[in-house]
1. Picking from L122, L137, L147, L153, which residue would you name as being hydrophobic (A, V, I, L, M, F, W, C), touching a strand residue (DSSP E or B) at 6+ places or on another chain (Cβ under 8 Å) and buried (at least 17 other Cβ atoms within 10 Å of the Cβ)?
2. Looking at T125, T218 in this structure, which one is of a type in the set (S, T, N, Q), in a helix (DSSP H, G or I) and more than 19 Å from G110 (Cα to Cα)?
3. Of a type in the set (G, A, S), crowded, with 19+ Cβ neighbours inside 10 Å and touching a Leu at 6+ places or on another chain (Cβ under 8 Å) - does that describe any residue in the range 168-182?
4. Is it the case that the range 256-268 has a residue that's of a type in the set (D, E, K, R) and in contact (Cβ under 8 Å) with a residue 24 or more places away in the chain?
5. Looking only at the range 158-180, filter to residues that are among the hydrophobic types (A, V, I, L, M, F, W, C) and in a loop (DSSP other than H, G, I, E, B); which one of those is nearest to G97 (Cα to Cα)?
6. Mind listing whichever residues of the range 246-267 are part of a helix (DSSP H, G or I) and either farther than 15 Å from M219 by Cβ or over 16 Å from the mean Cα position of the chain (by Cα) (or both)?
7. For G97, all conditions in the list (1) part of a loop (DSSP other than H, G, I, E, B); (2) of a type outside the set (K, R); (3) at pLDDT 85 or above; (4) in contact with a Lys or Arg (Cβ under 8 Å, 6 or more places away or on another chain) hold save one; what is the number of the exception?
8. Which of the residues belonging to the range 128-151 are within 20 Å of Y191 (Cβ to Cβ) and not in a helix (DSSP H, G or I)?
Amino acid sequence: MTSTLTRPTTNDQDTLIDLADLHTPNTSDARTSTVRVTLSRVANSEWIKFRTVRSNIIALGGSVGAAVGFGALFASLAGSDDGPGRLAENGLSLSLGGFQLSQIIIAILGVALVAGEYQTGLIRTWFGAAPDRMRVLAAKVGVFGSLVFGTSLVAAVGAFLAGQALLPAGFTALTLGSAGVAQALVGAAFYMACIGVIGIGLGFLLRSTAAGAGAVVTMLMIAPIMVGLLPSSIGDTLGKLLPSNAGSAVQGIETTNELLSAGWGVVVLLGWVAAIVGAAAVSLKRRDA
């Protein structure tokens, strides 16, 4: 016997837990059979929900387009008065400059994936279908984080190739085999995946797309500016611990006293992920849907 558990349609999102490969034991009373909702099936449902909502695909594609498009634009303007400031000193950072916009798109998309379900009431149906809330959290984090890492790595390679092809005369074009290039590309994808997961955590914590978007902009854009206004004895240390600066350290494009080493950058990013996702897990345990 096969079974499928579905929910009523809410807007353009559909929740589907595919249990087609579960076989109910032959018993005299079918009501005694049990259905296991495993992590892999919950993750598969999250993937179905994501790919069947057009706005999700558009947002993800927009992040890729921003990374490649602005990277190519920055590279083409290198050496001119219209160039992107200090990034013009480094052909690699020019090519990856578009990720400064992509990170905002990805973080807000992560928030919206969760907060949107709270605002429409879909999350209650979802928790009814998959009562283990930690399993739902793990599935959302795993699916979105993996998806963002893969697409961001493709975007990083595309942005690098486009940027190097458009560098004006006087700039030395790099190749994928040049020293530091592989670390920069993988580091950019890793950073974007961490930012996406942080967005998921903020969605569970704040349950509001507007509030989550405000938190994202504050964390990634406003906080670095505010920290820069503090006395150097305090600001230098705090600045190194910000997600954006840790992301720059992971990519290894620049090596300055203002940045951590690549290894410590990974530690700081994972610390942010653990703190926010951990807080989201506690919130799920203690708060009603």
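1. L122
2. T125 is the lone residue from the list that is of a type in the set (S, T, N, Q), in a helix (DSSP H, G or I) and more than 19 Å from G110 (Cα to Cα).
3. No, the range 168-182 contains no residue that is of a type in the set (G, A, S), crowded, with 19+ Cβ neighbours inside 10 Å and touching a Leu at 6+ places or on another chain (Cβ under 8 Å).
4. no
5. Only one residue tops the list, namely L167.
6. A249, V250, Q251, A262, G263, W264, G265, V266, V267 - these are the residues of the range 246-267 that are part of a helix (DSSP H, G or I) and either farther than 15 Å from M219 by Cβ or over 16 Å from the mean Cα position of the chain (by Cα) (or both).
7. Answer for G97: the failing condition is (4).
8. Result: no residue meets the conditions.
The values are calculated or read from the model by the stated rules, or taken from the named source; none is laboratory data. Here the structure is a predicted model, which means the values were calculated and not measured. So basically every Cβ, Gly included, is an ideal-geometry build from the backbone, and we count neighbours across all protein chains shown.
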